[in-house]
Amino acid sequence: MNILEQVRRLLRFMVPGLALMLLTMGYAVSPANAEPAQEFKGKIAKSFEESQEWWPEPVRPPEGAPNVIIFLLDDVGFAQVGSFGGLIETPNIDRLAANGLRYNNFHTTALCSPSRATLMAGRNPHSIGLGSHALTAMGFPGYNAVIPPSAKSVANYLQEAGYINYALGKWDHTPLYEVSQVGPFDRWPSGEGFNHAYTFMAADVHQFIPVMWNDHTPSPIGRPTISTGTWLIGRSNGLPGTNPSSGPAVS
């Protein structure tokens with residue numbers, strides 16, 4: 001009897017929730033997703049008293065690794081940012097720019113969805129399926145909003161290096177037909193290297209009664225006196241990097 005038939009017979013006697021849990025656990029530890037096991041460096045003796053425990057070392061960024069903040073503003077150009085000579089005062093952004101590098105040759109796509117995805121993947125929008133907005137995803141190469149595994153997000157690489165990543169705000173380059181509690185979640189923040197996310201999964205949102213997503217769970221809020229932007233600022237106080245026990249973070 002092969003393993004698939006054994007699983008089928010086993011699932012006949014399980015409640016759906018338990019079966020789903022087992023299947024999910026099986027996927028999570030499958031060889032294709034498992035990390036290489038570290039060699040045991042403890043001691044196994046005849047008795048517990050003579051044995052020595054040892055735990056695998058977690059992957060952590062090197063000492064002094066910086067926090068990383070990536071923020072993207074929709075419908076904003078040079079005229080709206082003070083550090084590029086714009087007329088609007090942006091003192092906090094200006095201070096960041098004064099301590100870093102400024103680039104002025106980003107190939108904008110003139111759309112929010114592909115701009116966000118290309119910034120994270122470092123690829124041309126058509127090479128990651130976002131030649132247009134994810135809301136208009138269609139079954140043609142370059143336009144299906146399906147980012148290939150070969151074009152991982154920068155957050156994926158940082159997560160592999162031990163960073164704790166958090167996505168906050170707008171996330172609209174997931175195909176609309178995949179935005180549900182049942183997934184798939186490959187093209188959600190969790191699939192692109194973010195440990196947690198608090199986002200709205202659409203091109204726009206109601207400013208006072210938005211439907212937000214807390215990781216994979218819809219979290220509607222209705223606060224007539226607080227705008228969505230103000231609410232998100234409050235949520236940002238819980239970012240991983242604000243906890244001294246956590247490592248560097250990207251958001």
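Every number here is computed from the coordinates shown, using simple stated rules; none is lab data. Since the structure is predicted, the reported quantities are computational estimates derived from the model, not experimental observations. Here the Cβ is made from the backbone with ideal geometry for all residues, glycine too, and neighbour counts use every protein chain on show.
Subtracting the Cα-Cα distance of Ser236 and Tyr177 from 0.36 nm times their residue separation leaves 18.4 nm of extension gain.
For the pair the stretch 166-209 and the stretch 77-110, the centres of their Cα atoms are 26 angstrom apart. Counted residue by residue at 0.36 nm each, then reduced by the alpha carbon distance between them, the extension gain from His107 to Ile226 reaches 39.3 nm. Treating r as the C-beta distance of Gln80 and Ile44 and R0 as 51 Å, the FRET efficiency rounds to 0.20. The convex hull defined by the C-alpha atoms of the stretch 70-177 has an orientation-averaged projected area of 7.9 nm². The label point for Trp55 and the one for Asn214, both projected 7 Å from the Cα toward the Cβ, are 2.7 nm apart.
Extents of the stretch 134-215, largest first, come to 36, 34, 20 Å (Cα atoms, principal axes, whole angstrom). Taking other C-beta atoms within 10 angstrom as a stand-in for reagent exposure, Thr225, Thr174 fall in the order Thr225, Thr174, fewest first. For the stretch 65-128, which chymotrypsin sites (Phe, Trp or Tyr not before Pro) are in a loop by DSSP, counting at most 14 other Cβ atoms within 10 Å? Counting only loop positions with at most 14 other Cβ atoms within 10 Å, the chymotrypsin sites (Phe, Trp or Tyr not before Pro) in the stretch 65-128 are Phe71, Tyr103, Phe106. Relative protection proxy for 59-69, 191-201, 143-153, 38-48, from highest mean packing down: 191-201, 143-153, 59-69, 38-48 (other beta-carbon atoms within 10 angstrom). Computed extension gain for Glu89 through Thr136, at 0.36 nm per residue and net of the alpha carbon distance, reaches 13.4 nm.
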